[in-house]
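A quick write-up on the structure given underneath.
The values are calculated or read from the model by the stated rules, or taken from the named source; none is laboratory data. It should be emphasised that the depicted structure is a prediction, and the values quoted were computed from it without experimental measurement. Note that each Cβ is placed from the backbone with ideal geometry, even for glycine, and that neighbours are counted across all protein chains shown.
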Amino acid sequence: MAATASVLPEKGPSLNHTMPTYASSLKQPKAQSKPIPLKPISYLHGEPQVIWEHDEVNQMIIKENLEYTVIGKFLYGWPEIQDLQKLIPKQCELKGECNIGLLSNKHWDPMFNSEEETSTAIAWISFPSLPPNFFGKEVVFSLSVAVGKPLQVDMATRNQTRPSCARVKVEVDLLREFPKCIKIGIKGSNEEILEKWIRIKYDYVPKYCKTCMIRGHNEEQCYVEHPELFPKKEKVDQVVVGGQTSKENQQGKEERKEGMESHPEGGNRQSKKKVEEFIKQRHRKGAGE
């Protein structure tokens, strides 16, 4: 009896194989981010700058949970943020949560002088054109060192609800000059650096006078440096003459004088008119009008 062997068809690609979806990609294990050290400030032609490696920027993206971020563009302006937060999850059929957003303190001074106010103050600054992947605390603090001592980022920056700018509170010295911009760069594998200037916006910085050593005004508004700016008080004589102040009495004299000068006969013409008018009235009464 001869044995027969059945030939099985070769296993081909499964017809049930589906392409990975955006939702399935989110279920993958999240990549572990490495700690990002604070970067030192360097200066080029007097302007501050901070340079990061390309791998460090990738770590920023992972740490800020921006790996699967979707960015949209509005060609003719954008609706209110409240409308977008309701509309986008419905159109994209999102089932989970997602963030949707549009791209007096006192300090001790050891050299304290009771007659001088400290030049140390608290200020809020922001970086309007900073990309969202640079919103990490370590990154924002590295940029803020160019202005002062960083203290904390605001709630919107920490929660990634305002991707249009990063905002941070810093301790500043009012005696120094503040930079208006800072340059950031990304160094690639070929040692080429991609650079971008970031504007620094100062929400509020108190004025400080170096002459008076107090807050509230600067040297341009200082009365000591510019005595001509001191407001001059107008002297008004309040002596009462005949129920009127001397100023009002003098004004009345000038008005009467102008009236006298406007007529050749002065006050005599006015007296004659009054007498004639009185006579006419008496005449009408006598005629029984």
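General remarks:
- Complete set of residues in region 175-200 that are within 18 Å of the chain's Cα centre (by Cα) and closer than 17 Å to Ala121 by Cα: Phe178, Pro179
- Taking region 158-178 as the range and being in contact with a strand residue (DSSP E or B) (Cβ under 8 Å, 6 or more places away or on another chain), surrounded by 14 or more Cβ atoms within 10 Å (Cβ to Cβ) and assigned to a loop (DSSP other than H, G, I, E, B) as the test, the residues that pass are Cys165, Leu174, Phe178.
- Test: residue in region 21-40 that is surrounded by 15 or more Cβ atoms within 10 Å (Cβ to Cβ), in contact with a strand residue (DSSP E or B) (Cβ under 9 Å, 6 or more places away or on another chain), modelled with pLDDT of 85 or more and closer than 21 Å to Ser189 by Cβ: yes
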